[in-house]
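All of the numbers you see were taken from the coordinates with simple rules; none came from a lab. Please read these numbers as outputs of a predicted model, since none were measured by experiment. Glycine also receives a Cβ, built like all others from the backbone with ideal geometry; neighbour counts cover every protein chain displayed.
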Amino acid sequence: MERSAQDGLARKLRDLHVSGEPLVICNVYDAATASAVCSLPQVAAIGTASYAIAATQGIEDDDMTLEQNMVSIKNVAAAVAKTPLPLTADLQDGYRDVKETVRRAIELGAVGCNIEDVDNATHELRPLEDAVNRVKLAIEAAAEAGVPNFAVNARSDALPMGGTIEDTITRGRAYLDAGANTVFVWGGGGGRGVSRDEVTKLVQAFDGRLNVKLKMGPGSLTVNELKEMGVARISVGPELFQVAMTAFKEAAAGLLGGQ
C-alpha cells in the first residue's frame with residue numbers, strides 16, 4: 001500500500017473516534033475472524049487483541065514475543081487489505097524498541113496501535129516520563145514511515161496496578177498531550193472493569209477521548225450506555241475469542257457425548 005493511501009486510512013481511523021458516537025472494535029485474532037468481522041456491513045475498523053492472539057499460539061499474553069505478534073498481525077492484515085477498512089494493532093507495551101515495532105506494524109498495513117504503560121518484562125507500571133516518551137516514539141516512528149496520522153491508543157493500567165482514578169487521569173492527559181489519539185483505560189483482570197462513576201470522570205477529564213473495554217455479559221455497561229456517557233471508542237479485547245472457545249468446547253463435548 002502506498003504511504004499516502006495508508007495515511008488516508010489513518011485519518012479515517014482518527015475521525016471515527018467521536019465522543020458520544022463511539023467506534024466499536026470487535027477485536028479479532030486471525031485471518032478467519034478478521035474476514036468474518038470485515039464482512040459485517042456495520043463494521044468501521046478492525047483491531048487485533050493480543051491476549052487472544054497469544055492464546056491461539058498456546059502462550060500467555062505477557063510471554064508473547066514481537067515476532068509471534070507480528071506473524072498474527074500479518075495474517076489479519078492480509079484479510080483486512082481486501083477491504084477499505086483501517087486496521088489498528090495491539091502492540092502490547094511496544095516491546096524493546098517502540099519505533100521499530102511501530103515501523104514493522106505499518107509495513108504490515110496497520111494505521112493505528114495500542115501501546116500500554118506496563119512493562120511486560122517486569123510486570124510493573126512504567127514511570128510516567130518513560131511511558132510518555134514511548135508514546136512520543138511511536139508517533140515519531142509513524143511520521144518517519146510516512147503515516148503522520150497514525151492513531152495511537154495509549155493504554156493505562158494504573159487502576160489494576162493499584163493506582164487511583166486521579167493517577168489514571170494524570171497519565172491519560174500526559175499521553176494525550178504527547179500526541180495520543182485516545183486513552184484506553186483498563187480495569188484489569190478478574191472482572192473489575194471500569195465503573196460508571198469512573199467512566200464519567202474519565203470522559204470529562206479527556207474531553208471524551210476515552211476507550212474502554214466492554215465486558216460481554218449481564219451487569220456490565222452496554223454499548224448504548226457507554227455511548228450516552230460520551231466515550232469515543234469501545235473495544236472487547238478477548239471477549240469474542242472467549243465466546244468462540246466456549247461454543248467450540250460445547251460443540252465438541254456434544255459430539256463426544258454422542259449428540
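Structural remarks
- Of the trypsin sites (Lys or Arg not before Pro) in region 70-149, those whose Cβ has at most 10 other Cβ within 10 Å and which sit in DSSP loop: LYS82, ARG96
- Charging the Cβ of each Asp and Glu at -1 and of each Lys and Arg at +1, and nothing else, the dipole of region 1-131 about its Cα centre rounds to 820 debye.
- Within a Gaussian network of the chain (alpha carbon springs, distance under 10 Å), most fluctuating of GLN68, GLN204, GLN42: GLN42
- Cα gyration tensor shape of the chain, rounded if a/c is under 1.5, else prolate or oblate by comparing a/b with b/c: rounded
- Ordered by the count of other Cβ atoms within 10 Å of each Cβ, fewest first, SER220, SER72, SER35 give SER220, SER35, SER72.
- Using the Karplus relation 6.51 cos²θ - 1.76 cosθ + 1.60 with θ = phi - 60°, the per-residue 3J(HN,Hα) values for region 246-251 come to 5, 5, 4, 5, 5, 5 Hz, with x marking Gly and Pro.
- The trypsin sites (Lys or Arg not before Pro) of region 156-200 meeting both criteria, a DSSP state outside H, G, I, E and B (loop) and at most 13 other C-beta atoms within 10 angstrom of the site's C-beta, are ARG192.
- Candidates per chymotrypsin sites (Phe, Trp or Tyr not before Pro) in region 156-206, loop by DSSP, up to 14 other Cβ within 10 Å: none
- Rounded to the nearest 0.05, the FRET efficiency derived from the C-beta distance between GLU67 and ASP15 at R0 = 25 Å is 0.15.
- Take every Cα pair under 8 Å whose residues are at least 6 apart in sequence, average their separation, divide by the length of the chain, and the relative contact order is 23 percent.
- Look at HIS17, HIS123 and count the other Cβ atoms within 10 Å of each Cβ; fewest to most, that gives HIS123, HIS17.
- Remark: spin-label model distance PHE248-LEU128 equals 4.2 nm, labels positioned 7 Å along the Cα→Cβ axis.
- Anisotropy class of region 1-111 from Cα gyration tensor, a/c 1.5 cut: prolate
- Amide N proximity, region 34-60 versus LYS74 label position 7 Å along Cα-to-Cβ, cut-off under 20 Å: 34-35, 47-59
- Most fluctuating residue given options ALA79, ALA121, ALA145, as computed from a GNM of the chain linking Cα atoms under 10 Å: ALA121
- Nearby aspartates and glutamates by direct alpha-carbon distance to LYS99 (threshold 13 angstrom, same-chain neighbours under 8 apart not counted): GLU107, GLU140, GLU144
- Between the alpha-carbon centres of region 118-184 and region 29-78 there is a gap of 21 Å.
- Whether region 68-162 is rounded, prolate or oblate, judged on the alpha carbon gyration tensor where a/c under 1.5 counts as rounded: prolate
- Proximal lysines to LYS82, defined as alpha-carbon separation beneath 18 angstrom and excluding residues fewer than eight positions away on the same chain: LYS12, LYS74
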